[in-house]
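Accompanying notes for the structure given below.
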Amino acid sequence: MKCKMAVRQLLLDQPDEQTAWQQRRLERHLADCADCRAQRAEWRELTAAARAAALPPLAAATRQRIMDAGRRALAERGPSARFRRVVSTWQPALAAAAVLLLLVGGLRLATKSRSNADWDDSVDQQLEHIGQTLAALSSDGPGIRDSVPDEAEPTWDESPEPEEQII
Amino acid sequence: MGQPAKKWIAAYRQGDIEALGCLVEYYRRPLFGFILRMTTSVADAEDIFQEVWFRAIRHLDSYREKNFLSWLFRIARNLVIDRARHAKPRVHLADAEAAAEPTPWEARIPFRGPGPDRLAQGHDLGPRIAAALQRLPPEQREVFAMRMEGGLPFKEIARLQATSINTVLARMHYALIKLRQELKKDYEDFSGVRT
């Protein structure tokens, strides 16, 4: 490893910023390079000094204003805000459900209209068939109507009224 | 994002105002420290700090990122840039002349590193680092502040600055070299390594 690369690697001092292999390479380089070791020591002291600098305290009024804003925000959150939050959380799932619903609904409608058309056709065919059968019956045979005796008409087997005998 | 922060965010979303107080305190040091490094007065820093939280509260419902501090830093960064653009006389990002003398917020930063004996001897490095930082280009100062105050990974800083990680590493490298040059004498006195 060259010094230029090593110096860059020195900056990556947080966990997970370097692989174990990179760390080993850096350590090997530092073991051999006094300049890079000195650089690391300087930077560590400098960054430690920068981190150690205390901050001025935050004004109580500033903190109070933040808390007030937080309270107002909570108070403004009504059911509609809660609903928006739920919608926002479940947005992808709701969108997917809506698309699915539309697809299923559309598919069902399409299937139903086709079966309706089939039903209409079969009914027409059956009605036509019945019509043809009726027509055939009325033209060829005695027909249904002819076979039914008329109540008003007398039948042959009725005995005639006895004639008066002249004695 | 730390586990307690996650818990406090969830609690605040459920209506617990105390959780917000915990969040503000938990992120006070990194966030306020970063803003202080990027501005020149405590008053400006407090204004921006407050505004960051106002915005965070307003958009907390839509917050989805993994790193809450990084999210806060992004809001703060935008506010610092806006303020620098609109109110240059009050906040400046790279005004070398103004940083020649200690600014009010620098003067108010006590330094814990060297200890009381060194403070008594006038070897207080903290304000000098702060003053030297003001002479850095804003991009370098920003990387330094995000790393030192927030401990953000370089990958995250690169994302915030919309640049590559190599650029960010180079900025940090140059910042350290320049600070080292600026603080050469103070640093040697402080570390006691070389005189």
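Each reported figure results from applying straightforward, stated rules to the coordinates on display, with no laboratory input. Given the structure is predicted, the values throughout are model-derived calculations rather than measurements. Quick reminder, even Gly has a Cβ in these numbers, built from the backbone with ideal geometry, and neighbours come from all protein chains shown.
Just a few scattered comments:
- Anchor residue B:7: lysines whose Cα lies under 30 Å away (excluding residues fewer than 8 positions away in-chain): B:66, B:155
- Size descriptors for the stretch A:1-53: radius of gyration and Dmax over Cα atoms are 11.5, 34 Å.
- Between the residues A:109, A:122, A:99, the greatest Cα displacement towards the positive end of the dipole of the stretch A:92-133, with unit charges on the Cβ of Lys, Arg, Asp and Glu, is found for A:99.
- Site pair residue B:86 and residue A:114 shows an inter-label distance of 6.2 nm when each label is modelled 7 Å from Cα along Cα→Cβ.
- With the simple model of a label 7 Å out from the Cα in the direction of the Cβ, residue B:167 to residue B:181 spans 2.2 nm.
- Percentage of interatomic Cα-Cα distances in the stretch A:92-133 larger than 14 Å: 65
- Put a plus charge on the Cβ of each Lys and Arg, a minus charge on the Cβ of each Asp and Glu, and nothing anywhere else: the dipole of the stretch A:1-53 about its Cα centre is then about 180 debye.
- Loop trypsin sites (Lys or Arg not before Pro), the stretch A:1-48, which have at most 13 other Cβ atoms in a 10 Å radius of their Cβ (DSSP): A:2
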